[in-house]
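See below for the structure under consideration.
The values are calculated or read from the model by the stated rules, or taken from the named source; none is laboratory data. Model, not experiment: these values are computed from the prediction. Cβ sites come from the backbone with ideal geometry, for glycine too, and all protein chains shown count toward neighbours. Calculation scope for accessible area: heavy atoms of the full protein, side chains included, ligands and nucleic acids excluded. Shrake-Rupley method; radii C 1.70, N 1.55, O 1.52, S 1.80 Å.
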Amino acid sequence: MTGLGAGSGPGPQAGRWPETGAGPLQEGVGAVPRGAGALKPGAGIAADAGALERYFEETIARDRRIEPRDWMPDAYRKTMIRQIAQHAHSEIIGMQPEGNWVTRAPSLRRKAILLAKVQDEAGHGLYLYSAAETLGADRADLTDRLITGRQKYSSIFNYPTLTFADVGVIGWLVDGAAICNQVPLCRSSYGPYARAMIRICKEESFHQRQGYELLMTMMRGTSAQREMVQDATNRWWWPSLMMFGPPDEQSPNTEQSMRWRIKRHTNDDLRQRFVDMTVPQAEALGVTLPDPELRWNAERDHYDFGEIDWSEFKRVIGGNGPCNAQRIAARRAAHEGGAWVREAAAAHAAKVAARAEAAA
Amino acid sequence: MSSGEISSTGMGTGSGMSGEPRSNWPLFEVFLRSKRGLNHVHVGSLHAADATMALHHARDLYTRRNEGVSIWVVKAADITASSPDEKDPFFAPSGDKVYRHPTFYEIPQSVPHI
């Protein structure tokens, strides 16, 4: 597919309306809007830039949304593109672990549910790519960055789905953790991202509930099925806790992100919230969370839990998890295998348009 | 990339006759009427080779749970927008016309139904 070349990376390029800076009005994203200069004749560009920055800071301080065609600092734009792209990639790669079970789902009901869920993940990825494009990023370029390993996705999807219980545990724990992470992002200062998150969160609730229901059904089954659920829980618990990212003291960007209100809680806060939510769910289900140090701490009013193996986290993030290569290879194969379809559709559209013009 | 390159993807404008069509599809903005009686509202964007495909993609992407009864798709390049800055003088003409609002007029409380 053409248009995938390097050099079209995210940055202060022209974008499109309605969500981006330039397009019909031919203003570069990040350029000084006409209005600002016109209001203050004689004021230099530097003075205007200061005013724009103050306006940006004020908008955020008042908890208002930054919209695509607003002036924003380059660092904010870059950070947002990276955050949204990484989230979009996670949704797209996230189709694979569960997608593996679509053909082997144990009933038509489960297969229909799983198909709908995997479709939702695709949809979430597309909402998010759409939001990233409002910042001047190019969708084809983002895909290229994903399949060449230049942008990351959540490390959780580099683990294999060994049994059908994994489908349930992913819904319960992985989507549960995602909900914890994403609900506060519905109030992200970046408007299009916040709006995408609202749509996504509504749909995630179905994901988590179908997973938990699946597990409840298995727990009512044979002892082999109950063991399957426990085994899947054992394998996914710790990676789920890692989804919240490194501990606060090792998360240098958190402070800036909180100031920009593109992150509303620290990694450790969200992780704690997830643990507190999940323990009673595990009890209701009748599984044991694989952490001997997990216990209620009345003083803190929270559950204490054991040390996370951050070396594993780093290993998986660094490309050496059980399925990293497989996930990227599958995404690349799908993208390259679909190239002829994209080209044929474009050729057909061009032909139809040319005929219509000739007839006019 | 630029908006021009994307929006001119193998579409019309005469050049489609000779030049090779780009495989990069143009961007469409999607508007949804969620139920009868309401306006179409912008919900997002997607890429498609042409308007018909954009409609199908919009249905698959934005109405998986009966969120809409009608969809509009518009090529992003065909939209003209005002500047978003609230302080933009573009909107200044309405700023000082308080008499356009009903609350501008004082009517005694004893007068009913007004």
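Some observations on this one:
- Shape class for the range A:182-335: rounded, because the ratio a/c of the largest to smallest gyration tensor axis (alpha-carbon atoms, square roots of eigenvalues) is under 1.5.
- Sparse packing (at most 14 other Cβ atoms within 10 Å of the Cβ) combined with a DSSP loop state is found for the following trypsin sites (Lys or Arg not before Pro) in the range A:116-180: A:Arg150.
- In this structure, the amide hydrogen of A:Ser251, modeled 1.01 Å from its nitrogen in the peptide plane, lies closer than 5 angstrom to no residue at least 5 positions away or on a different chain.
- Accessible surface buried at the B:A interface totals approximately 3700 Å², computed with a 1.4 Å probe on protein heavy atoms.
- Taking Cα atoms only, the orientation of helix A:324-337 departs from the longest principal axis of chain A by about 50 degrees.
- Subtracting the Cα-Cα distance of A:Ala360 and A:Asp268 from 0.36 nm times their residue separation leaves 26.8 nm of extension gain.
- Using a probe radius of 1.4 angstrom, the carbon and sulfur fraction of the accessible surface of the range B:65-114 is 58%.
- For the range A:67-82, 3J(HN,Hα) per residue [Karplus equation, 6.51 cos²θ - 1.76 cosθ + 1.60, θ = phi - 60°, Hz, x = Gly/Pro]: 10, x, 8, 5, 5, 8, x, 3, 5, 5, 4, 4, 5, 5, 4, 5
- Label separation (A:Ser107 vs A:Ile198): 3.6 nm, computed from points 7 Å beyond Cα along the C-beta direction.
- With DNA, RNA and ligands ignored, accessible area of A:Met243 (1.4 Å probe; Å², nearest 10): 40 Å²
- Per residue accessible area of chain A, 1.4 Å probe, in Å²: 44 Å²
- Square roots of five times the Cα gyration tensor eigenvalues for the range A:237-307, Å: 26, 12, 11
- In this structure B:His57 has an accessible area near 60 Å², from a 1.4 Å probe over the protein heavy atoms.
- Here the extension length gained between A:Asn253 and A:Ala284 equals 7.4 nm, from 0.36 nm per residue of separation less the Cα-Cα distance.
- Principal-axis tilt of helix A:45-61 within chain A, Cα atoms, nearest 10 degrees: 30 degrees
- Accessible heavy-atom area order of A:Lys263, B:Lys35, A:Lys111, highest first, probe of 1.4 Å: B:Lys35, A:Lys111, A:Lys263
- For the range A:252-360, the list of GluC sites (Glu not before Pro) that fall in a loop by DSSP and count at most 13 other C-beta atoms within 10 angstrom reads A:Glu293, A:Glu299, A:Glu307.
- Under the Karplus curve 6.51 cos²θ - 1.76 cosθ + 1.60, θ = phi - 60°, whole-Hz ³J(HN,Hα) for the range A:288-293, x wherever Gly or Pro sits: 9, 6, x, 9, x, 8
- If the chain linking B:Ala51 and B:Ser110 were pulled fully straight, counting 0.36 nm for each residue of separation and taking away their Cα-Cα distance, it would gain 15.5 nm.
- Cα gyration tensor shape of chain A, rounded if a/c is under 1.5, else prolate or oblate by comparing a/b with b/c: oblate
- For the range A:157-213, fraction of C-alpha pairs farther apart than 15 Å, in %: 50 percent
- Karplus 3J(HN,Hα) series, Hz, for the range A:221-229 with 6.51 cos²θ - 1.76 cosθ + 1.60 (x for Gly, Pro): x, 7, 5, 5, 5, 5, 5, 4, 5
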